[in-house]
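The values are calculated or read from the model by the stated rules, or taken from the named source; none is laboratory data. Remember, predicted model here, so these are calculated numbers, not experimental data. Heads up: the accessible areas ignore ligands, DNA and RNA and are worked out on the full protein's heavy atoms, side chains in. Shrake-Rupley method; radii C 1.70, N 1.55, O 1.52, S 1.80 Å.
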Amino acid sequence: IREATEADRPILEDLVLAYLDEHWARPYSPPPPGPYLDEGQIVVAEVDGAVVGMAKGELREGLGHVSLVYLRPGARGQGGGRDLLQDLSTHFQEQGVEHVSLNVELPNDEALAWAKANPKKIFNSSN
């Protein structure tokens with residue numbers, strides 16, 4: 001897991017488009033990925049030097065918010081999503097954030113099942 005760079009931009013746009021293609025279920029067209037990637041903290045997961053996933057988070061009124069976690073289908077189930085979330089959680093904790101929220105788009109059954117099975121697993125900063 002590493003912080004995304006400007007050189008990753010084409011891959012990040014491709015990952016956002018893949019996410020939208022797989023999960024967008026709203027009754028209107030999705031926004032373009034470019035402006036979405038202009039702000040926030042973005043981290044990527046790599047396997048053998050290839051970017052296979054990403055997560056994006058931002059500060060909103062002093063709270064951390066994870067707005068996207070996406071892994072290519074072949075990279076799922078190996079802990080990459082958890083590692084991406086952990087990296088963002090650490091980033092937010094270093095900023096003094098004590099609460100982080102996570103979006104799960106419906107109908108993203110895999111992510112929803114994980115979120116229900118792991119409440120506070122990643123983001124509990126008060127031990």
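Roughly how many percent of the accessible protein surface of the chain is carbon and sulfur, given a 1.4 Å probe and a whole-percent answer?
For the chain, the apolar C and S fraction of the accessible surface comes to 50 percent.
With all protein chains present, calculate the accessible area of residue 26 using a 1.4 Å probe and round the result to the nearest 10 Å².
100 Å²
Computed from these coordinates, which is volume of the Cα convex hull per residue in Å³: (1) 144; (2) 117; (3) 156?
Recomputing volume of the Cα convex hull per residue in Å³ here gives the entry labelled (2).
Need the full-extension length gain, residue 25 to residue 46, defined as separation in residues times 0.36 nm minus the C-alpha distance. One decimal, nm.
Once the chain is fully extended between residue 25 and residue 46, it gains 4.8 nm.
Given a 1.4 Å probe and the protein chains all in place, what does the accessible area of residue 28 round to, in Å² to the nearest 10?
Counting only protein heavy atoms, residue 28 exposes about 130 Å² to solvent.
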